[in-house]
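S.K.: Here it is, the structure in full.
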Amino acid sequence: MALLEVRDLHVRVEDREILHGLDLTVNAGEVHAIMGPNGSGKSTLSHVIAGKPGYEVTDGQILFKGEDLLAMEPDERAAKGVFLAFQYPVEIPGVATMNFLRTALNAQRKARGEDEYSTPDFLKKVREVAKSLNIPQDMLKRGVNVGFSGGEKKRNEVLQMALFEPSLCILDEMDSGLDIDALRIAADGVNALRSPDRAMVVITHYQRLLNYIVPDFVHVMSRGRVVKSGDKQLALELEASGYAQFEDAA
Amino acid sequence: MNLVLAKTDTERAVSNVFATARDRLPGAGEVAEARRRAFEAYERAGLPHRRIEEWKYTDLRALMREVAPLAGRPDAAAITRAKAALELVAVDGAAKLVLVDGVFVPELSGIAELGAGISVRTLREILENGANDARSDLLLTSTTDAVISLNTAMVTDGVVISVADGTALSRPIQIVHVATASSASAFTRSHVKLGKAARATFIESFVAAEGASAYQANDAVILWVGDGAELSHLRVVADAADAVNISSGIVTVGAKAKLNLFNMTRGGAVSRYQVFITLAGEGSDLSVNGINLLKDKQHGDTTLVVDHAVPHCTSRENFRAVVDDRGHSVFQGRIIVRPDAQKTDGKMMTRALLLSDEAEADNKPELEIFADDVTCGHGATSGALDESLLFYLRARGLCEKDAQALLIQAFLGEAIEEIADESLREFVMAQAERWLEVRR
């Protein structure tokens, strides 16, 4: 059984159809890159998988581990192992990062019928992960993402990914707003999480990110559909020839 | 139209309530005369209504409907019920002074716990037996506010506290008002006077005994913070869901003093806390903050007047309201800077969070500045919870109510963190969490 199976997905936002019958199959252990021009529906796909309000699925289905993902609340999806790393992680003043991490982790564990983490175990785990991502301790005491730089926000997303141990990670434009050093740290963090039980969907505009997170499969999206799939060579070809050919094809 | 002649049923009821209660009100002679004058003043104004600017959003003629008769003296059974209710607003280590249905109850109170340097007497005792000058002082107020006049006319009891110069109280003083009688009213007044360089924490709480409903509380607190003194003052209104609570504070702050005041309203059908603060000595710091937690059809009003009468004082006001269902929150804050009050530094912020489409918040900040070398500012916002923050939290595994609760706590935290005393801060956060718990 595939980990994620998107079948003939049609999605509307207000009166406009954004996805027009999208198919995507992702198996455990695989890394998929989704590339495409602005407005091709990449972010819409990631939002619909995570359960963001405001999108209407008019046809098709999404199965996650064989279950109907679209029937679940966003928090149920998280507890089942879906993780969306946000393109623009929000700032939440007044909610300390540590408190947020513990509340979220324990909410997921509780939903799965697992024991909540004890405080010492939790702290140990957070400190280990934070250290590997070069996240200073005082950042964890601040409000969630408040006053964080772009790079720090993305590292905070990777920190959560490491902490929550999801089986499907969707990275939405993780490279946007990052310089090369920040990108390398974040990508190293993501690569450390690659495992046979876990799949990743890397949404990106540019081939650059894929030098750091090397995909098994590359899909090109245009006008709400996957128009071409291939291996990492496809990303290099796109870098050379651009998206225009697919715009015409679609 | 002659408003004096156009009396409502409510006002006629008040007249009757005063007439029938008169013989039971403590104090004769000058005191009785002061009451009579106060009642006349009240009758001239009538119950505050929407055409009186200060009461525009809290029309008592519409909201109170009828004035309940004065509550009787609590019997042994009532005192037992009151005792059980004290737990709901218990603050660790506080020495309690308990007023049940407007009557001081020594057996529930811990005056002896307060130690040296403090004197506590009941208002009733002074009105009945005190020297003339002491008695007339107690009923004097310079305000023309009708509900305070009514309080003067009808007050049955309260506590009169004096903290000696240089005394630092080792434990908080807590006045707890407990209502046990239903469809009855209680009128209380307390005086708290901090001597020079004294330090104290003063809490006032309102709570209902089990089964008490539809009662009305009218309370007044007169506070003096002496030169160089520091006072933390916390109020917690946790009345029954159908109760009315109209409370007034009259505060005078001396020189180089600090006052940290926090008002929390989480109960009552109709509540208003109106506080008039005069900064009367130079170099003082004032911090006035509060939260209103309102749901169902609750109406909660905080009205604040800060009068910078002298130069070189700082005032900070930070208020938050969380309003659910058809709740209605009102915040009115006026900062007056007198012509002589140069170098005044005043800032006021009020924000309301509306959790339902029918929730309402009225924020009215006002600055009246007559000096030219001051720093003053105010701000007001109202809005719903941020959908993008909610989705972020839900995408991380928090259910809708938990995600909301976390954001509401953070919102309230912006005001709660202004409470200087850490244990009081934790107490207020716990009370807020209890409110959120019920919401879930």
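S.K.: Taking only pairs six or more apart or across chains, which ones have beta-carbon atoms under 6 Å, a first residue in the stretch B:218-245 that is of a type in the set (Lys, Arg), and a second residue that is open to solvent by less than 20 Å² (accessible area, probe 1.4 Å)?
M.R.: Note: pairs meeting the criteria are B:Arg235/B:Glu204; B:Arg235/B:Asn263.
S.K.: Among (1) among the hydroxyl-bearing types (Ser, Thr, Tyr); (2) surrounded by fewer than 21 Cβ atoms within 10 Å (Cβ to Cβ); (3) in contact with a Lys or Arg (Cβ under 8 Å, 6 or more places away or on another chain), which single condition is B:Thr80 missing?
M.R.: Failing condition for B:Thr80: (3).
S.K.: Just to be sure, is A:Pro53 within 13 Å of chain B (Cβ to nearest Cβ) and either open to solvent by 20 Å² or more (accessible area, probe 1.4 Å) or among the charged types (D, E, K, R) (or both)?
M.R.: Numbers: within 13 Å of chain B (Cβ to nearest Cβ): yes; either open to solvent by 20 Å² or more (accessible area, probe 1.4 Å) or among the charged types (D, E, K, R) (or both): yes.
Against the criterion (within 13 Å of chain B (Cβ to nearest Cβ) and either open to solvent by 20 Å² or more (accessible area, probe 1.4 Å) or among the charged types (D, E, K, R) (or both)), A:Pro53 qualifies.
S.K.: Listed residues B:Leu367, B:Leu279, B:Leu355; which is crowded, with 19+ Cβ neighbours inside 10 Å and either without any contact (Cβ under 8 Å) to a residue 60 or more places away in the chain or on the phi < 0 side of the Ramachandran plot (or both)?
M.R.: B:Leu279
S.K.: How many residues are free of Cβ contacts under 8 Å to residues at least 60 places away in the same chain and either more than 15 Å from the chain's Cα centre (by Cα) or in a loop (DSSP other than H, G, I, E, B) (or both) when one looks only at the stretch A:43-68?
M.R.: Result for the stretch A:43-68: 14.
S.K.: If a residue has to be out of contact with any Lys or Arg (no Cβ under 8 Å at 6 or more places or on another chain), polar (S, T, N, Q) and under 30 Å from B:Ala359 (Cα atoms) to count, how many in the stretch B:303-329 make the cut?
M.R.: 2
S.K.: Determine whether B:Thr252 is in contact (Cβ under 8 Å) with a residue 40 or more places away in the chain and open to solvent by 20 Å² or more (accessible area, probe 1.4 Å).
M.R.: no
S.K.: Would you check which residues across the stretch B:260-274 are surrounded by fewer than 23 Cβ atoms within 10 Å (Cβ to Cβ) and of a type in the set (A, V, I, L, M) and list them?
M.R.: Matches in the stretch B:260-274: B:Ala269 only.
S.K.: Give me the residue from the stretch A:106-116 that is surrounded by fewer than 19 Cβ atoms within 10 Å (Cβ to Cβ) and under 15 Å from A:Asp75 (Cα atoms) and, out of that set, nearest to the other protein chains (Cβ to nearest Cβ).
M.R.: Step by step, filter the stretch A:106-116, then rank; the result is A:Ala111.
S.K.: Also, quick follow-up: Considering only residues of the stretch A:86-97 that are within 19 Å of A:Ala162 (Cα to Cα) and within 10 Å of chain B (Cβ to nearest Cβ), which is most open to solvent (accessible area, probe 1.4 Å)?
M.R.: Across the stretch A:86-97, the extreme among qualifying residues is A:Tyr88.
S.K.: In the stretch B:151-164, what residues are open to solvent by 10 Å² or more (accessible area, probe 1.4 Å) and either hydrophobic (A, V, I, L, M, F, W, C) or at pLDDT below 90 (or both)?
M.R.: Residues satisfying the conditions are B:Val160, B:Ala164.
S.K.: Another question about this same structure. Restricting to the stretch B:326-340, count the residues that are among the polar types (S, T, N, Q) and farther than 15 Å from B:Tyr57 by Cβ. Break it down into steps so the answer makes sense when it comes.
M.R.: From the stretch B:326-340, those among the polar types (S, T, N, Q) are B:329, B:332; that's our starting set.
In the following step, the residues that additionally are farther than 15 Å from B:Tyr57 by Cβ were identified as none.
Residues that pass the stated criteria total 0.
S.K.: Any idea which residue in the stretch A:134-151 is modelled with the lowest pLDDT, counting only those that are touching a Leu at 6+ places or on another chain (Cβ under 8 Å) and buried (at least 19 other Cβ atoms within 10 Å of the Cβ)?
M.R.: A:Ile135
S.K.: Residue by residue through the stretch B:388-410, note down the ones that are within 34 Å of the chain's Cα centre (by Cα), open to solvent by 20 Å² or more (accessible area, probe 1.4 Å) and within 8 Å of chain A (Cβ to nearest Cβ).
M.R.: Correct list: B:Leu389, B:Glu400, B:Asp402, B:Gln409.
S.K.: Right, something else. Return the only residue of A:Thr103, A:Thr119, A:Thr25 being touching a strand residue (DSSP E or B) at 6+ places or on another chain (Cβ under 6 Å) and either open to solvent by 10 Å² or more (accessible area, probe 1.4 Å) or within 12 Å of chain B (Cβ to nearest Cβ) (or both).
M.R.: Residue meeting the stated conditions: A:Thr25.
S.K.: Just checking, how many residues over the stretch B:219-250 are over 10 Å from the mean Cα position of the chain (by Cα) and polar (S, T, N, Q)?
M.R.: Result for the stretch B:219-250: 1.
S.K.: Given (1) touching a residue at least 40 places away in the same chain (Cβ under 8 Å); (2) closer than 16 Å to A:Ala199 by Cα, where does A:Arg7 come up short, assuming only one miss?
M.R.: (2)
S.K.: Turning to a different aspect of this structure: For the stretch A:122-133, name all the residues that are surrounded by 14 or more Cβ atoms within 10 Å (Cβ to Cβ) and in a helix (DSSP H, G or I).
M.R.: Across the stretch A:122-133, the qualifying residues are A:Phe122, A:Leu123, A:Lys125, A:Val126, A:Val129, A:Ala130, A:Ser132.
S.K.: Hey, among the residues in the stretch A:166-183 that are under 15 Å from A:Leu3 (Cβ atoms) and in a strand (DSSP E or B), which one's farthest from the chain's Cα centre (by Cα)?
M.R.: A:Leu168
S.K.: Checking A:Met35 against (1) crowded, with 21+ Cβ neighbours inside 10 Å; (2) hydrophobic (A, V, I, L, M, F, W, C); (3) out of contact with any Ser or Thr (no Cβ under 7 Å at 6 or more places or on another chain), which single condition isn't satisfied?
M.R.: (3)
S.K.: Here is a further query. Can you name every residue in the stretch B:370-387 that is under 24 Å from B:Ile291 (Cα atoms) and surrounded by 17 or more Cβ atoms within 10 Å (Cβ to Cβ)? Break it down stepwise before answering.
M.R.: Step one: filter the stretch B:370-387 for residues under 24 Å from B:Ile291 (Cα atoms), giving B:376-387.
B:Cys376, B:His378, B:Ala380, B:Ser382 - these are the residues of the stretch B:370-387 that are under 24 Å from B:Ile291 (Cα atoms) and surrounded by 17 or more Cβ atoms within 10 Å (Cβ to Cβ).
One line per residue, one yes/no per condition, for (1) over 16 Å from B:Ser162 (Cα atoms); (2) modelled with pLDDT under 95; (3) part of a strand (DSSP E or B):
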site	(1), (2), (3)
B:Val207	yes, no, yes
B:Ser213	yes, no, no
B:Gly228	no, no, no
B:Ser232	no, no, yes
B:Val237	yes, no, yes
B:Ala240	yes, no, no
B:Thr252	no, no, yes
B:Lys256	yes, no, no
B:Leu259	yes, no, yes
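S.K.: Would you mention how many residues in the stretch A:69-85 are part of a helix (DSSP H, G or I), within 12 Å of chain B (Cβ to nearest Cβ) and open to solvent by less than 30 Å² (accessible area, probe 1.4 Å)?
M.R.: So the answer is 5.
S.K.: Okay, moving on. A:Arg16 versus (1) under 15 Å from the mean Cα position of the chain (by Cα); (2) open to solvent by 30 Å² or more (accessible area, probe 1.4 Å): which is the lone unmet condition?
M.R.: Condition (1) is where A:Arg16 drops out.
S.K.: Now a separate question. Can you tell me which residue among B:Glu107, B:Glu125 is charged (D, E, K, R), open to solvent by 50 Å² or more (accessible area, probe 1.4 Å) and within 27 Å of B:Ala214 (Cα to Cα)?
M.R.: Just a single option satisfies the conditions, and that option is B:Glu107.
The values are calculated or read from the model by the stated rules, or taken from the named source; none is laboratory data. Small disclaimer: the values here were computed from a predicted structure and weren't measured. Cβ: placed from backbone, ideal geometry, glycine included. Neighbour counts: every protein chain shown. Keep in mind that these areas ignore ligands, DNA and RNA; they rest on the heavy atoms of the full protein, side chains included. Shrake-Rupley method; radii C 1.70, N 1.55, O 1.52, S 1.80 Å.
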